[in-house]
Amino acid sequence: MRAFEYAAARTPADAFARTTPRTAYLAGGTTLVDLMKLGVVEPDAVIDINGLGLRGIRLDRDGLRVGALERMSDVAEHPVVAAEFPVVAQALQASASPQIRNMASIGGNLLQRTRCGYFRDVATACNKRQPGSGCPAQTGANRGHAVFGTSASCVATHASDLAVALVALDARVELAGPAGRREVPLADFYRLPGDSPQVENDLRPGELVTAVAVPRLAFARRSTYLKVRDRQSYEFALVSVAAALDVRNGTVRDVRLAVGGVGTRPWRLPLAEQALRGKRLTEATARQAVEAGTADARPLAFNAFKPALLRRTAVRTLLALGG
Amino acid sequence: MRITFTCNGRLTEADGVWEGESLLYVLRERVGLPGSKNACEQGECGSCTVYLDGDPVCSCLVAAGQVQGREVRTVEGLADGDELDPVQQAFVEAGAVQCGFCTPGLLVQTHDLLERQAQPSDAEIREALSGNLCRCTGYEKIMDAVRLAAARRAESAERVN
Ligand SMILES: Cc1cc2nc3c(=O)[nH]c(=O)nc-3n(C[C@H](O)[C@H](O)[C@H](O)COP(=O)(O)OP(=O)(O)OC[C@H]3O[C@@H](n4cnc5c(N)ncnc54)[C@H](O)[C@@H]3O)c2cc1C
Ligand code: SF4
Ligand code: FES
Ligand code: FES
């Protein structure tokens, strides 16, 4: 690991003042410390933000608000989250291991880096790690890679389970930076790789994620997260589905559907949602809607199984919620 | 840099710590507590599990600076003097230890599980220990050990009452 300075920020202003293009914020450290050990990220200075507060899990008239430094385990086990937004609690429970959830923060989770093996291996080329060096995953080991939102520069998935659940629920991220505060829909916060895969999100220099806000959605009580992976626990998704369903007398009044393990960012399926609204929920209507919503999947050599697996998983999720 | 923290109940100071050292490294190489093991050093195997402020974490992914002023309990802090913790005793008796590299992490993680859930189901045990990888035992004896430890704790709780 390269030498670096370590400083604990006392206030947000202090954190902003210490920021340069070569500094990194540290929350739980489960992504940052890992990538620094691998030499993938090499900051000159690490700014520990754990003293900045940024806590709290609160439900009010507007919805749920979770501070960026809340830990994954605390949010996953919070009774209000589990009751009002089960999809969020389940996505977190299905993430990483208990030890990592005890350390990792919500903000850090949303900003975690891809698990693409080339990105994590400094001996290989990778456009995300070293812009312009190439993307060996295009034709190489791409079984775990994306089928939506890919480009000739990068085909890596966004690895967060939580982000998929939050995008399904129209969550917003609250940001604070040297130039003030702002709020962005999480779905727009993430960028497509295009020809600059090193730019993953809309975060400006020095900006902090301070909280995540999930708007109130009564039917989110009927929501769930289904994650399919190579082993039953403690693995990243091959495909995953976050869904919330408002169904009365067998007819879909409203639905939210987002999928993970398949997109270069958390992937919402608006066409599938649209196709389902007003329909009776049956295996046939669910399948038709999901097929319409995923028709633009572009598989690579080793992940051709993903679109079919995704469709089956989405249908199963919808029918389980509707039953 | 210098870091000060509480380790197994004792105020501990480590001087001349390099910023890039992990809590795991500090424990093993500076504090003289080699119980926590360094296997993957990537958060994947759980061999380095210690309590940090009462919750188990992978100490290989904790930067030394993050420990300042906090409380750490390692596998060395589970026994009461010469008396093994019921979890340790159960691992010995059930034959859940082969090479032993995964054992310290499993002991801490199991200790935490039984603190929070005295009578876990097999599914709950598997989920709680999912972040602790063992390359030797095939896990069956580890399951036996956790069930035995839970039963022992229930017995001794009854005796106290
Ligand atoms: C073995 C393993 C398995 C895993 N499995 C899963 C899984 O199945 N599903 C899943 O979703 N995740 C998984 N993860 C990823 C894990 O969830 C993330 O590492 C974790 O959530 C990151 O949070 P952190 O607080 O530790 O972030 P850090 O490592 O502290 O930070 C991550 C990044 O975000 C930046 N950052 C952090 N907080 C802020 C903030 N408030 N404002 C601005 N920038 C910030 C940091 O500078 C850094 O770039 C796994 C990780 C490991 C090691
Ligand atoms: S897919 Fe993206 S992260 Fe992976 S090698 Fe290509 S550019 Fe790098
Ligand atoms: S050594 Fe820390 S998880 Fe493997
Ligand atoms: S006993 Fe050898 S790794 Fe578990």
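Quick one: is A:Phe302 part of a loop (DSSP other than H, G, I, E, B), surrounded by 17 or more Cβ atoms within 10 Å (Cβ to Cβ) and touching a residue at least 60 places away in the same chain (Cβ under 8 Å)?
no
Among the residues of the stretch A:41-69, which ones are under 22 Å from the mean Cα position of the chain (by Cα), of a type in the set (A, V, I, L, M) and closer than 21 Å to A:Met103 by Cα?
If the condition is that a residue be under 22 Å from the mean Cα position of the chain (by Cα), of a type in the set (A, V, I, L, M) and closer than 21 Å to A:Met103 by Cα, then A:Val41, A:Ile49, A:Leu54, A:Ile57, A:Val66, A:Ala68, A:Leu69 are the ones that fit.
For a quick check of your reading: which helices (runs of 4 or more DSSP H) sit entirely within the stretch B:62-161 and have at least 2 residues that are within 13 Å of chain A (Cβ to nearest Cβ), of a type outside the set (A, V, I, L, M) and away from ligand 3 (no atom under 16 Å from the Cβ)?
Passing ranges, in order: B:103-116, B:122-128.
Which of the numbered conditions does A:Val33 fail, given that it passes all the others? Conditions: (1) free of Cβ contacts under 8 Å to residues at least 40 places away in the same chain; (2) more than 9 Å from chain B (Cβ to nearest Cβ).
A:Val33 satisfies all of (1) free of Cβ contacts under 8 Å to residues at least 40 places away in the same chain; (2) more than 9 Å from chain B (Cβ to nearest Cβ) except (2).
Quick check: is even one residue across the stretch A:155-168 within 30 Å of A:Ala218 (Cβ to Cβ) and assigned to a loop (DSSP other than H, G, I, E, B)?
Within the stretch A:155-168, one or more residues are within 30 Å of A:Ala218 (Cβ to Cβ) and assigned to a loop (DSSP other than H, G, I, E, B).
Taking the stretch B:57-80 only, how many residues are more than 12 Å from B:Asn8 (Cα to Cα) and more than 16 Å from ligand 4 (Cβ to nearest atom)? Break it down into steps so the answer makes sense when it comes.
Applying the first criterion (more than 12 Å from B:Asn8 (Cα to Cα)) to the stretch B:57-80 yields B:57-69.
Filter once more, so that each one left must be more than 16 Å from ligand 4 (Cβ to nearest atom): B:57, B:59, B:61-69.
Here the count works out to 11.
If only one of A:Ala187, A:Ala146 is touching a residue at least 60 places away in the same chain (Cβ under 8 Å), on the phi < 0 side of the Ramachandran plot and not in a loop (DSSP other than H, G, I, E, B), which one is it?
A:Ala187
Restrict the check to the stretch A:8-15 and report whether at least one residue is outside any strand (DSSP E or B), within 14 Å of chain B (Cβ to nearest Cβ) and free of Cβ contacts under 8 Å to residues at least 12 places away in the same chain.
Checked the stretch A:8-15: no residue is outside any strand (DSSP E or B), within 14 Å of chain B (Cβ to nearest Cβ) and free of Cβ contacts under 8 Å to residues at least 12 places away in the same chain.
Identify, please: which residue in the stretch A:213-254 is assigned to a loop (DSSP other than H, G, I, E, B) and of a type in the set (A, V, I, L, M) and is, among those, nearest to the other protein chains (Cβ to nearest Cβ)?
Here the answer is A:Ala237.
Within the stretch A:117-136, is even one residue away from ligand 3 (no atom under 16 Å from the Cβ), within 15 Å of the chain's Cα centre (by Cα), modelled with pLDDT of 95 or more and surrounded by fewer than 23 Cβ atoms within 10 Å (Cβ to Cβ)?
So far as the stretch A:117-136 goes, no, none of its residues is away from ligand 3 (no atom under 16 Å from the Cβ), within 15 Å of the chain's Cα centre (by Cα), modelled with pLDDT of 95 or more and surrounded by fewer than 23 Cβ atoms within 10 Å (Cβ to Cβ).
Being away from chain B (no Cβ under 14 Å), within 21 Å of the chain's Cα centre (by Cα), more than 15 Å from ligand 1 (Cβ to nearest atom) and of a type in the set (Lys, Arg) is the requirement here; does A:Arg143 meet it?
Yes, satisfied.
Can you tell me which residue within the stretch B:11-56, out of those that are more than 11 Å from chain A (Cβ to nearest Cβ) and on the phi > 0 side of the Ramachandran plot, is farthest from ligand 3 (Cβ to nearest atom)?
B:Gly16
Give the number of residues within the stretch B:21-59 that are outside any loop (DSSP other than H, G, I, E, B) and either within 11 Å of the chain's Cα centre (by Cα) or buried (at least 18 other Cβ atoms within 10 Å of the Cβ) (or both).
Residues flagged as outside any loop (DSSP other than H, G, I, E, B) and either within 11 Å of the chain's Cα centre (by Cα) or buried (at least 18 other Cβ atoms within 10 Å of the Cβ) (or both) within the stretch B:21-59 amount to 16.
Which pairs do you get when a residue that is without any contact (Cβ under 8 Å) to a residue 12 or more places away in the chain, found in the stretch B:128-144, comes within reach of a residue that is small (Gly, Ala, Ser), reach meaning Cβ atoms under 7 angstrom, with the pair 6+ apart or on two chains?
If the second residue must be small (Gly, Ala, Ser), the pairs left are B:Ser130/A:Ser97; B:Ser130/A:Ser233.
Do you know which of the residues in the stretch A:137-159 that are out of contact with any helix residue (DSSP H, G or I) (no Cβ under 8 Å at 6 or more places or on another chain) and of a type in the set (A, V, I, L, M) is farthest from A:Tyr190 (Cα to Cα)?
Ranking the qualifying residues of the stretch A:137-159, first place goes to A:Ala141.
The values are calculated or read from the model by the stated rules, or taken from the named source; none is laboratory data. Please read all numbers here as calculations on a predicted model, not as lab measurements. Heads up, the Cβs are rebuilt from the backbone with ideal geometry, glycines too, and the neighbour counts pull from every protein chain shown.
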